[in-house]
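K.L.:
Please find one structure pasted underneath; my questions will follow.
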Ligand SMILES: Cc1ncc(COP(=O)(O)O)c(C=O)c1O
């Protein structure tokens with residue numbers, strides 16, 4: 001087996017390789033992941049298939065834990081809600097950030113049942129969610145003044161308040177969360193009111209957005225929140241014990257984006273926080289990070305099978321695959337751009353530009369609008385789309401009554417199912 005050859009991508013080889021999991025390699029013409037060939041994976045588990053690389057998940061978890069050993073790292077479960085992945089993360093000392101009862105059930109099923117490692121989120125928490133946070137003695141992040149009162153009445157003991165500083169993070173507007181007018185969190189004057197009303201509040205939470213590929217906005221958020229904490233101390237006498245900086249670190253999905261390594265990002269944020277605390281003479285709070293995407297995105301590769309190949313204009317040839325917006329809505333939702341290669345022809349030079357279409361009844365169901373592949377993709381070829389471990393399967397739908405794909409975990413030359421494929425019978429069983 002050749003360690004990472006991904007031939008055919010000479011110009012961008014290193015970059016394309018960087019989009020794949022740590023264990024990517026080729027065996028002759030065949031792409032392998034975790035030591036297992038793409039063709040074997042599809043033959044055994046079907047197509048489309050989400051392949052998660054255990055080594056990459058563990059390495060990402062360690063990067064956070066080693067750079068911020070004192071902090072609670074709580075996985076943003078929404079990025080890839082899966083019990084096996086939560087279990088692996090728990091083995092690495094990672095907790096869970098959950099925003100529904102469903103995500104909480106998954107975390108508990110993975111053995112993350114110690115409230116000290118659970119953070120409960122949501123901009124519209126139900127009474128049942130507040131009661132569950134109280135029962136599990138988790139940290140709860142209050143998202144409105146009304147919810148703060150309900151959470152106290154429900155017996156929640158440990159609480160943060162989510163603060164919206166008014167930062168327009170440099171990311172797609174659909175995944176910006178701390179701008180003026182955001183549906184999340186409280187603006188500064190309401191946050192001050194929360195601290196007056198509930199002086200037992202343990203600290204502040206800020207999450208400015210997702211898929212941030214540069215550290216600038218995270219640094220700005222740290223400065224804002226430290227300035228706010230100093231103002232809150234001056235006006236109310238309240239001081240923070242905990243600061244939750246949310247998630248947000250981005251992961252490239254195509255060759256035009258560049259990665260910000262976890263260790264660099266966390267190091268920059270920690271340094272900025274120390275500087276800001278010193279400036280405002282604030283105690284360093286205990287820290288929480290809630291990474292979702294950066295723990296799982298690069299570990300995931302989706303394998304599709306090519307069906308129809310059709311030239312529709314002189315410059316447009318569609319390569320249609322057996323999935324699409326039902327298993328990865330991100331291109332249709334926020335114009336996310338992905339890369340791809342032919343997993344069974346990884347030794348061939350990519351020379352022609354194609355568009356990759358999904359199989360759904362929407363013109364917008366185009367997974368990749370421009371990708372260079374070896375000439376003449378054929379029915380039965382396997383298309384590998386890297387960096388699809390976050391916000392893909394977790395955001396999947398059953399559009400066109402399409403069963404959700406299976407997910408497998410690979411490592412050390414073997415693969416195991418971590419989510420079985422839905423069947424048509426599963427879907428029919430919901431019908432009355
Ligand atoms: C409150 C909160 N924390 C953490 C995350 C995870 O973010 P990311 O996947 O960008 O790291 C999100 C994502 O939307 C979030 O809303």
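K.L.:
If only one of 236, 227 is surrounded by fewer than 19 Cβ atoms within 10 Å (Cβ to Cβ), within 17 Å of residue 193 (Cβ to Cβ) and more than 16 Å from the ligand (Cβ to nearest atom), which one is it? Please lay out each step first, then the result.
P.N.:
On the way: 227 fails: within 17 Å of residue 193 (Cβ to Cβ).
Criteria check complete, one pass: 236.
K.L.:
Restricting attention to the range 291-342, which residues are at positive phi and modelled with pLDDT under 95? Give the derivation first.
P.N.:
First pass over the range 291-342, keeping only residues at positive phi: 324, 335.
Within the range 291-342, 335 is the sole residue that qualifies.
K.L.:
Would you check if there is a residue in the range 208-223 being part of a loop (DSSP other than H, G, I, E, B), in contact with a strand residue (DSSP E or B) (Cβ under 7 Å, 6 or more places away or on another chain) and within 11 Å of the ligand (Cβ to nearest atom)?
P.N.:
no
K.L.:
Moving on. Go through the range 122-151 residue by residue and tally those that are within 16 Å of the ligand (Cβ to nearest atom) and either under 11 Å from residue 99 (Cα atoms) or surrounded by fewer than 22 Cβ atoms within 10 Å (Cβ to Cβ) (or both).
P.N.:
9
K.L.:
While we're on this one: So is residue 259 within 30 Å of residue 386 (Cα to Cα), in the same structural domain as residue 117 (by TED's automatic domain parsing) and touching a strand residue (DSSP E or B) at 6+ places or on another chain (Cβ under 7 Å) or not?
P.N.:
no
K.L.:
Restricting to the range 241-274, what's the tally of residues that are surrounded by 14 or more Cβ atoms within 10 Å (Cβ to Cβ) and either more than 15 Å from the ligand (Cβ to nearest atom) or assigned to a loop (DSSP other than H, G, I, E, B) (or both)?
P.N.:
20
K.L.:
A further question on this structure: I need the strands (runs of 3 or more DSSP E) fully contained in the range 19-61, keeping only those with at least 2 residues that are free of Cβ contacts under 8 Å to residues at least 40 places away in the same chain.
P.N.:
Result: 25-27.
The values are calculated or read from the model by the stated rules, or taken from the named source; none is laboratory data. Predicted model, so just to flag it, every value in this text is computed and none were measured. Positions of Cβ are generated from backbone atoms using ideal geometry, with glycine treated the same way; all protein chains shown enter the neighbour counts.
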